[in-house]
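S.K.: If you scroll down you'll find the structure; I have some questions about it.
Each value in this text was obtained by applying a stated rule to the coordinates, not by laboratory testing. Just so we're clear, the structure is a prediction, and the values are computed from it rather than from any experiment. Cβ: placed from backbone, ideal geometry, glycine included. Neighbour counts: every protein chain shown.
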Amino acid sequence: MGKLKVVVLISGRGSNLKAIINKCSKKNVLAKVIGIISNNSNASGLKLTGDFKKIIIDNKLSKKRFETELQNNLEKLKPDLICLAGFMKILSPFITKKWKNKIINVHPSLLPSFKGLNTHERALKAGVKKSGCTIHFVDESLDGGPIIAQVETSINKKMSSKELSEKILKMEHKIYPEVVSLFAKKRICVKEDKVIIKDEKKLNFFIKNI
């Protein structure tokens with residue numbers, strides 16, 4: 001069986017990218033990062049080393065030109081899965097429809113709550129007792145698309161947004177690579193916009209122990 005070919009899109013430090021690369025380096029994981037694409041030439045995630053292509057697309061391009069270049073590069077790489085990891089651009093249907101059910105994202109809240117930016121500040125301001133992170137398929141809606149997995153954590157009222165962010169980021173580093181591994185094992189599929197996970201009990205057990 002060939003390895004799942006993964007392309008990761010980043011804009012910044014690439015900590016989730018690093019977690020995915022580390023997971024893919026394990027012998028029992030049938031996935032391989034074949035490319036990193038960034039809209040930021042200064043993204044520290046581009047400093048990571050490995051057997052993958054690094055592509056920078058000028059962020060100053062118009063949305064149409066940016067996505068045309070992105071599509072051209074994706075067609076060359078032919079990924080089985082595209083992972084958004086701190087990628088700070090919203091993809092239009094031009095991309096999401098061409099790669100339907102092949103693009104996933106990590107969002108630092110329990111979707112559908114707190115879509116968009118500044119999630120931790122908004123969660124603290126709202127006084128919610130729990131937050132977490134969500135792995136979901138990407139569609140044309142903002143932080144929409146069928147949910148694959150969620151990890152939740154309790155919020156301490158005295159927490160700062162930075163403390164909450166760091167706590168949730170550690171959870172992301174565990175669940176995101178695990179979801180990629182499940183894709184490699186062909187344990188995740190979508191039918192009529194509903195996510196079906198084989199061995200869901202195993203995934204739930206994994207999540208409980210994060």
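S.K.: Taking every pair of distinct Cα atoms and averaging 1/r, then inverting, what Kirkwood hydrodynamic radius in Å comes out for the chain?
M.R.: For the chain, the Kirkwood estimate is 17.5 Å.
S.K.: Apply the Karplus parameterisation 6.51 cos²θ - 1.76 cosθ + 1.60, with θ equal to phi minus 60°, to every residue of segment 28-45 and state each ³J(HN,Hα) to the nearest whole Hz, in sequence, with x for glycine and proline.
M.R.: With the stated coefficients, segment 28-45 comes to 8, 9, 8, 9, 9, 6, 9, x, 10, 10, 9, 9, 10, 5, 9, 4, 5, x Hz.
S.K.: Loop-only GluC sites (Glu not before Pro) in segment 1-84, please: DSSP not H, G, I, E or B, and at most 15 other Cβ atoms within 10 Å.
M.R.: Sparse-neighbourhood loop GluC sites (Glu not before Pro): none present.
S.K.: Turning to a different aspect of this structure: Under the rule of at least 5 residues apart or a separate chain, name every residue whose amide H is placed under 5 Å from the amide H of Leu84.
M.R.: Distant-sequence amide H within range of Leu84: Leu9, Ile104, Asn105, Val106.
S.K.: Reachable lysines from Lys129, Cα under 19 Å, same-chain residues fewer than 8 places away excluded?
M.R.: Lys115, Lys157, Lys158, Lys162, Lys167, Lys170, Lys208
S.K.: Right, here's the next one. Could you pull out every residue, at least 5 positions away or on a different chain, whose amide H is within less than 5 Å of the one on Lys54? Hs are placed 1.01 Å off N in the peptide plane, and Pro or chain starts have none.
M.R.: So Lys54 has HN proximity to Ile36.
S.K.: Let me ask something additional. Express in nm, to one decimal, how much length is gained between Asn22 and Lys47 on full extension, taking 0.36 nm for each residue of separation and deducting their alpha carbon distance.
M.R.: Length gained between Asn22 and Lys47: 7.5 nm.
S.K.: Could I ask something else about it? Whole-Hz ³J(HN,Hα) for each residue in segment 129-135, computed from phi via Karplus 6.51 cos²θ - 1.76 cosθ + 1.60 with θ = phi - 60°, x for glycine and proline: what do you get?
M.R.: So the Karplus estimates, Gly and Pro as x, are 8, 9, 9, x, 9, 10, 9 Hz.
S.K.: I need the shape label for segment 1-72. Rule: rounded when a/c is under 1.5, else prolate if a/b > b/c, else oblate, with a, b, c from the alpha carbon gyration tensor.
M.R.: Oblate shape, in that a/c is at least 1.5 and b/c is the bigger or equal ratio.
S.K.: For a test of the definition: using alpha carbon positions, the gyration tensor, and the 1.5 limit on a/c, classify segment 1-123 as rounded, prolate or oblate.
M.R.: Here segment 1-123 falls in the rounded category.
S.K.: Right, another one. Considering only Lys102, Lys125, Lys23, give the residue with the highest GNM mean-square fluctuation for the chain, with springs between Cα atoms whenever their separation is below 10 Å.
M.R.: Comparing Lys102, Lys125, Lys23 in the GNM, the peak value goes to Lys125.
S.K.: To continue, here is another question. State, to one decimal in nm, how far the label point of Ser154 lies from the label point of Arg65, with both points 7 Å from Cα in the Cβ direction.
M.R.: With each label point 7 Å from Cα toward Cβ, the separation is 5.3 nm.
S.K.: Let me ask something else. Got the relative contact order for the chain handy, in percent, Cα pairs under 8 Å and 6 or more residues apart?
M.R.: 20
S.K.: By a straight-distance test (C-alpha under 19 Å), which aspartates and glutamates pair with Lys5 as possible cross-link partners, with residues fewer than eight away in the same chain excluded?
M.R.: Reachable aspartates and glutamates: Asp51, Glu75, Asp80, Glu178.
S.K.: Under a GNM of the chain (C-alpha, springs under 10 Å), which listed residue has the highest mean-square fluctuation: Thr134, Thr68, Thr119?
M.R.: Looking only at Thr134, Thr68, Thr119, the biggest GNM fluctuation is shown by Thr68.
S.K.: Restricting attention to segment 173-210, which GluC sites (Glu not before Pro) occupy a DSSP loop and are surrounded by at most 12 other Cβ atoms within 10 Å?
M.R.: Glu192
S.K.: Another one. Calculated FRET efficiency, Lys3 and Asn204, Cβ-Cβ r, R0 25 Å, to nearest 0.05?
M.R.: For R0 = 25 Å, the calculated efficiency reads 0.45.
S.K.: Hand me the tally of lysine pairs in segment 11-71: alpha carbons under 17 angstrom apart, and the pair either on different chains or 8 or more positions apart.
M.R.: The result is 9.
S.K.: Next question. Report, by chain and number, residues whose modeled amide H sits under 5 Å from the one on Ile148, excluding near sequence neighbours (fewer than 5 apart, same chain).
M.R.: Ile135, His136, Phe137
S.K.: Moving on. Over all directions, average the projected area of the Cα convex hull of segment 155-210 and note it in nm².
M.R.: Averaging across all directions leaves 5.0 nm² for the Cα convex hull.
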